[in-house]
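Written out below as structure tokens is the structure these notes cover.
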Amino acid sequence: MDSQRDGAQALADALPDGVVLGDAEGRVTLVSSVAAAMLGVRAADCLGRPLADVLALQDREGQAWFRSNRPYAGLATRTAVPEQSWLLPDGTEVLVSARIHRPALDQPVSLVAVAIRSGRGRARLDRERSDLVATVAHELRSPLTGVKGFVQALLNRWDKLSDDQKKLMLTTVSADADRLSRLIAELLDVARIDTGRLQLYPRPSDAAVLVRRIVESVQASTSRRIELVVGEALPHVSVDPDKFSQVVTNLVENGVRHGEGTVRVVVEPIVGGAEFDGVRTTVEDEGEGIPVELRQRVFTKFWKGGARGGSGLGLYLVNGLVRAHGGTVTIEDAHGGGARVVLTWPSEDRRPE
């Protein structure tokens, strides 16, 4: 019996979360080393004591875990206490859950197993959510401020402004509204990618026509030179034109915002024993590039590689949307320095099942 108890103790001590076991009488039969450290007790001193006394956990109103959840009472069909946030005696937050065991539904509880784990993961998640809210608020506030400012100026000084001034202000308002719409679309697409609910409507499309429109649109709003190179005999690609444009626009704007020198966009057919037929689009700049060790991290949410702002969602969306089409995304070094992002788009529908 002692060897069996020692084996159970060793197993419990090896677990990353704290474990406390209570028998049919509500007395402690095991406390793992992690749980003992969290509760500020010696494991050996807890054996045989009431479970309610050992679990010195309270909520923010001072209620005790044992009295609030009453694991030995309640319906016979009850099998667990869901994970809840509680406070240790030193005020540290922990997440506590329990399993309730009975030999049969018509018999009393025989064992209560309580798991205690650190609340640091939850705190980190809360921080990430706060960062998301702050990022979105900042990105939304900037164009909204421009819209509100120009609209207010138009309302207050309409009769004093020339037609050219009015046109300039309205053009700026329209551009800021487009920026807002695109950010909202990005946030919705992020949520859809995360939940597997992204919907694509692919059809045969001319990649050269789509990319040329994108380059002309971005070029109109920047003094940086954008060079477009289109190869010959381009096959059509099976893409959702809106998502294709969203991806390429994101990369070209990234090259303008974060790179240096000329931004070069190349559209060419895939050749040379590739996995599938289609089109390769390459966007490169002449900046500092992306170090090899960071080339996987850039595809994570909220990654920012420079000090020039942005939501940190762009490359996450690029990766998610291209792969949703059955294509690929790779990052390389450009010939003259800088970053090169290479996308492949299939000619046939290769969407994952």
> Given (1) under 19 Å from GLU332 (Cβ atoms); (2) surrounded by fewer than 17 Cβ atoms within 10 Å (Cβ to Cβ), where does VAL230 come up short, assuming only one miss?
Replying inline: (1)
> When both residues are 6+ apart or on different chains and their Cβ atoms are under 6 Å apart, which pairs have a first residue that lies in region 210-225 and is under 10 Å from VAL256 (Cβ atoms), and a second that is modelled with pLDDT of 90 or more and buried (at least 16 other Cβ atoms within 10 Å of the Cβ)?
Replying inline: VAL218/VAL252; GLN219/ILE226
>> I'm trying to understand the selection: among the residues of region 134-191, which are free of Cβ contacts under 8 Å to residues at least 60 places away in the same chain, in contact with a helix residue (DSSP H, G or I) (Cβ under 7 Å, 6 or more places away or on another chain) and β-branched (Val, Ile, Thr)?
In response: VAL147, VAL151, THR172, VAL173
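Give, as residue ranges, the helices (runs of 4 or more DSSP H) completely inside region 39-91 that count at least 2 residues that are aliphatic (A, V, I, L, M).
Per the criteria, 43-46, 51-54.
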> Does region 181-238 hold any residues that are in contact with a strand residue (DSSP E or B) (Cβ under 6 Å, 6 or more places away or on another chain) and in a helix (DSSP H, G or I), and which are they?
Replying inline: ALA207, ALA208, VAL211, VAL215, GLN219
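Yes/no matrix, rows are residues, columns are (1) within 30 Å of the chain's Cα centre (by Cα); (2) in the same structural domain as ALA134 (by TED's automatic domain parsing); (3) not polar (S, T, N, Q):
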| position | (1), (2), (3) |
| --- | --- |
| LEU210 | yes, no, yes |
| ILE214 | yes, no, yes |
| SER217 | yes, no, no |
| ALA220 | no, no, yes |
| VAL247 | yes, no, yes |
| LEU251 | yes, no, yes |
| ASN254 | yes, no, no |
| ARG257 | yes, no, yes |
| ASP277 | no, no, yes |
> Which condition does TYR316 not pass, out of (1) in a loop (DSSP other than H, G, I, E, B); (2) in contact (Cβ under 8 Å) with a residue 12 or more places away in the chain; (3) out of contact with any strand residue (DSSP E or B) (no Cβ under 7 Å at 6 or more places or on another chain), if it passes all the others?
Replying inline: (1)
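Looking at this structure, is GLU288 buried (at least 18 other Cβ atoms within 10 Å of the Cβ) and within 14 Å of ARG340 (Cα to Cα)? Working first, answer last.
Numbers: buried (at least 18 other Cβ atoms within 10 Å of the Cβ): no; within 14 Å of ARG340 (Cα to Cα): yes.
Taking the combined requirement at face value, the residue does not satisfy it.
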>> Residues that are under 39 Å from the mean Cα position of the chain (by Cα) and closer than 17 Å to ILE100 by Cβ: does region 33-51 have at least one?
In response: no
>> Can you confirm whether VAL151 is modelled with pLDDT of 85 or more, in the same structural domain as GLY327 (by TED's automatic domain parsing) and either assigned to a helix (DSSP H, G or I) or on the phi < 0 side of the Ramachandran plot (or both)?
In response: no
> Which is outside any loop (DSSP other than H, G, I, E, B) and free of Cβ contacts under 8 Å to residues at least 24 places away in the same chain, of ALA12, ALA113, ALA35, ALA104?
Replying inline: ALA12
> Checking SER205 against (1) polar (S, T, N, Q); (2) at pLDDT below 90; (3) within 21 Å of GLY327 (Cβ to Cβ), which test does it fail?
Replying inline: (2)
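The values are calculated or read from the model by the stated rules, or taken from the named source; none is laboratory data. Keep in mind that this is a model prediction, so the values were computed, not measured. Neighbour counts are summed over all protein chains in view; Cβ atoms, including those assigned to glycine, are modelled from backbone coordinates with ideal geometry.
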